[in-house]
Amino acid sequence: MTVDSFKFLPRLIATFYRMTKRDPQMPIPWTPLDHLLSECTFGLVTSAGLYVRASDRAFDVERERQRPTWGDPSLRVIPSDIESGAVGASHLHFNTTDVVSDFNIQIPIHRFLTLVEEERIGGLAASNYSFMGYQGFPPDTTEWEERYGPEVAEAFINEGVNCVLLTPA
Amino acid sequence: MPVLARKLEAAGLSTVLVTMMPYWAEKVGVPRSLAVEFPFGHSLGEPGNVEQQMRVIRQALDVLETAQNPGAIIHSDERWPHPTDQAIKAWQPEEPSPIIASLAPTFKEMLRNRREIRE
């Protein structure tokens, strides 16, 4: 089965994507997997706009409402000892009801802890990361590429992470 | 997220992206992708559906283990277990996003003009 990228998209947004011309910048980066997954430590990254309600601030959706062509590029840490119900979602581009009721559908911390218990993977990072996926119109991912992406990479490497699962919302 | 996958991979991490838009992953050039036909905001499945979430995650781990070349996109056979028209309504925010609210009239007009020119 071939996944239909446009199956759940309203016609207007689908048309925008179909009209956007872009070619991949080559070469595509590649880090071969050089350990068994059972020896690898994973880190998780999502763009669902998640944050820890008790201790962190939401993404700046108020500024986005004032300036619709801007999106908050910052990141939030989601720790692996997070409990159910402790995560909020600040994202104006999808209905966040489901991810607030079960954050594992976007940042699968509890599912990965199960994989660690099964010894399918070696470990899970203490800190995982959420971004907020709307980066303006036209999209501007400069801060992701020049500041926050390298910050996450360094943090993961310092924690001994080898592999990353990314889940855009 | 595709640009972040590229950045993290370039920094020495092996990545896999679970995407609902393989069309865009291909255009950006993502190291490894698992494509799933789920509505936006539900990359790994439905809330509380642990079996479904684990199936998708295991498929993503398989992609990570078996992809041989950069740009690999594997398509999952998972299907969203609800009617499409309901799913299209359910994933969208209650209010249109600010950019959609501000641009939609202009974009619709542009599409109308293109249709009129073609006719």
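Bear in mind that the values in this text are calculations on the coordinates, not laboratory data. Everything numeric in this text was worked out from a predicted model, so none of it was measured. Here the Cβ positions follow ideal geometry from the backbone for every residue, glycine too, while neighbour counts run over all protein chains shown.
Here is how the numbers come out for the structure above:
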quantity	calculated
Count of residues meeting criterion [surrounded by 24 or more Cβ atoms within 10 Å (Cβ to Cβ) and outside any helix (DSSP H, G or I)] in the range A:135-162	1
Failed criterion for A:Ala58 (all others in (1) under 28 Å from A:Asp140 (Cβ atoms); (2) over 16 Å from the mean Cα position of the chain (by Cα); (3) free of Cβ contacts under 8 Å to residues at least 60 places away in the same chain; (4) more than 7 Å from chain B (Cβ to nearest Cβ) hold)	(2)
Matching option when the condition is more than 7 Å from chain A (Cβ to nearest Cβ), touching a residue at least 12 places away in the same chain (Cβ under 8 Å) and aliphatic (A, V, I, L, M), among B:Ile100, B:Ile57, B:Ile73	B:Ile73
Subset of the range A:76-96 (residues that are within 14 Å of chain B (Cβ to nearest Cβ) and of a type in the set (Ser, Thr, Tyr))	A:Ser84, A:Ser90, A:Thr96
Residue that is surrounded by the fewest Cβ atoms within 10 Å (Cβ to Cβ) [pool: residues in the range A:104-127 that are closer than 30 Å to A:Thr20 by Cβ and in contact (Cβ under 8 Å) with a residue 24 or more places away in the chain]	A:Ile107
Scan of the range B:32-59 for residues that are touching a strand residue (DSSP E or B) at 6+ places or on another chain (Cβ under 9 Å), among the small types (Gly, Ala, Ser) and assigned to a loop (DSSP other than H, G, I, E, B), ordered by number	B:Gly41, B:Ser43, B:Gly45
Selected residue (only one of A:Asp72, A:Asp34 is under 23 Å from A:Met132 (Cβ atoms) and outside any helix (DSSP H, G or I))	A:Asp72
Scope the range B:60-70; condition crowded, with 18+ Cβ neighbours inside 10 Å and either within 8 Å of another protein chain (Cβ to nearest Cβ) or in a helix (DSSP H, G or I) (or both); matching residues	B:Ala60, B:Leu61, B:Val63, B:Leu64, B:Pro70
Matching residues, the range A:8-28, being of a type in the set (Val, Ile, Thr) and at the interface with chain B (Cβ under 7 Å from one of its Cβ atoms)	A:Thr15, A:Ile28
Which listed residue is under 16 Å from the mean Cα position of the chain (by Cα), closer than 24 Å to B:Phe107 by Cα and aliphatic (A, V, I, L, M), from A:Leu92, A:Leu124, A:Leu75	A:Leu92
